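The structure appears below as structure tokens.
The numbers here are math on the coordinates, done by the rules we state, and not lab data. Quick caveat, the model's predicted, so the values are computed rather than measured. Neighbour counts run over all protein chains shown; Cβ positions are idealised from the backbone, glycine included.
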Amino acid sequence: MDSSTRKSMGRIIRKPEVLHKVGFSDTKLWRMEKAGEFPRRVALGGNSSGWFEMEVDEWMAQRAAERLNPDAPRCRHPRRVAGNQK
């Protein structure tokens, strides 16, 4: 992966920072991710993983937009669309 691709993907943040940003417990985060309601983590090697900060920020912005328009249908995270689940 070249440096321009890495820059476009943004910074990877680890679980403590994600939990602080979204205010969830570890279990809630895991359940939402498993249900496709939160961005999926990316494996970093060994037992390490993280989330693209841009995806977490977009997820938070989407929640804020839903708050302003409660009649809008809620959708799952775009990376976990029906038929594309593993």
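Here each label is just a point 7 Å from Cα along the line to Cβ, and for V22 and R63 those points are 0.7 nm apart. Between A43 and D71, the modelled labels are 4.6 nm apart [label points 7 Å from Cα along Cα→Cβ].
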